[in-house]
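Here the structure comes first, spelled out in structure tokens, and everything after it is commentary.
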Amino acid sequence: MKTSSCAPLMEVSRWLAEATAAAKCWPCGCLHGTLNSLEAVTEELPPEARALKDELASARARLRPLEYECLGCPTCYPALAANAFAAAFPDRAAALAACPTDLPEQRAGWPPLPGEYRVIRYRAPVAVCTLTDDALTERLAEARPAALAIIGRLHTENLGIERIIQNMLANPNIRFLILCGEDSAARVGHLPGQSMLSLYRNGLDDRGRIRGAKGKRPVIRNVPVEAVEAFRKQVEVVDLIGCSAPAEFLAAAAGCAARDPGPALAFAGVPSVPRTVAHPPDRLVLDPAGYFVIFPDARRRTLVAEHYRNDGVLDHVIEGLRPTELYATAIERGLLGRLDHAAYLGQELARAHHALLAGHPFVQDAAPGEEGAPAAEPPPSGHT
Ligand code: SF4
């Protein structure tokens, strides 16, 4: 590969050569995007910069169909090439940011966009982004603090941030976003944490670039500016970048929860999760598989479920120590033919178990919908 003799461009050539030689980069969105934007700007540069064209052509010859947007490598060669180019030609840096990013596909439900995250609880006020720290994501997700709605990572300062914005706006319960873990180091090029913080503090300029962001291409293209502003109003970003101590994070999450202002106004245009007020069942529908009589056997300290056919004949007795054992066995033996019956069995077993442990008397509840709703062949009162 030819290398440019212009000193500032030698860095660009060097990192382009590394990317060209690295098979992992060929199907990666970082290399695709960087080549597209560098190719566009080198057309307008002085002759010495046009020497890059051969190197760009060599890199393009290696491209494979896109398989991933960004692998989040500790050192990203195309990002470094773009940064070096921006350092050599500061007036062209904004044009570099115009590299293409794909429109993410939305889906029904929350979160509407896929990503590297774990959902904990929808109606919780705190989201956490561990940036590039995978291990911290797992540790915090396992801790499952009550305030936590979602926890995930962030590798890119454009698509990644866009996805976070849309997933946060789709859940008005989220009022805080804690950034923690290690941001990608400055030489890596992406700086997603610094970019997210800049977006929260400074917003976008009129070209969609995040004001004050130092990453390679911190441009928000797929989210309208109104949505960005709504995100900035809905969510307070808490800066714990560099912190990987779970105790510090848990204290911050608890502090956020303590000053949770409640759900924000839903942002129009973002799909919301349907909310339905629950109501009792209208009528009893007998399970064709039969019904259960449940009792806690205090003397033997076991739970007992007697299964009857609907003609009143006992055909099975299940005994066990815990509700899970009994209902799993009932399912396995084909003794449940309706979902509402299965749910009711679980509820009654849990009540019976509680009575057994506490030494309280147990009276089996009537089946939902039984009162005032005549069934075709009503079994004895107090069945499930
Ligand atoms: S993130 Fe950068 S270094 Fe890693 S595969 Fe993608 S282009 Fe290559």
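The values are calculated or read from the model by the stated rules, or taken from the named source; none is laboratory data. Here the structure is a predicted model, which is why all the values come from computation and not from measurement. For neighbour counting, all protein chains shown are included, and Cβ atoms are generated from backbone atoms with ideal geometry for every residue, glycine included.
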When you look at Arg207, is it closer than 21 Å to Glu69 by Cβ and not aromatic (Phe, Trp, Tyr), yes or no? no
State yes or no: is Pro280 within 33 Å of the chain's Cα centre (by Cα), surrounded by 13 or more Cβ atoms within 10 Å (Cβ to Cβ) and in a loop (DSSP other than H, G, I, E, B)? no
What number goes with the only condition from (1) buried (at least 23 other Cβ atoms within 10 Å of the Cβ); (2) in contact with a Phe, Trp or Tyr (Cβ under 8 Å, 6 or more places away or on another chain); (3) not small (Gly, Ala, Ser) that Leu191 does not pass? (2)
Can you report the number of residues in region 106-158 which are in contact with a Gly (Cβ under 8 Å, 6 or more places away or on another chain), assigned to a strand (DSSP E or B) and surrounded by fewer than 24 Cβ atoms within 10 Å (Cβ to Cβ)? 3
Pairing a residue in region 286-315 that is closer than 17 Å to Gly346 by Cβ with any residue that is in a loop (DSSP other than H, G, I, E, B) and among the β-branched types (Val, Ile, Thr), where Cβ atoms lie under 8 Å and the two sit 6 or more apart in sequence or on different chains, gives Tyr291/Thr384; Phe292/Thr384; Val293/Thr384; Ile294/Thr384
I need the full set of residues from region 63-90 which are under 15 Å from Ala19 (Cβ atoms), away from the ligand (no atom under 11 Å from the Cβ) and more than 30 Å from the chain's Cα centre (by Cα), in order please. Ala84, Phe85
In region 54-74, what residues are modelled with pLDDT of 80 or more and over 17 Å from His32 (Cβ atoms)? Asp54
Filtered residues of region 34-54 (kept if under 33 Å from the mean Cα position of the chain (by Cα), crowded, with 17+ Cβ neighbours inside 10 Å and more than 9 Å from the ligand (Cβ to nearest atom)): Leu35, Ser37, Leu38
Given (1) part of a loop (DSSP other than H, G, I, E, B); (2) closer than 19 Å to Thr34 by Cα, index of the condition Asp183 fails: (2)
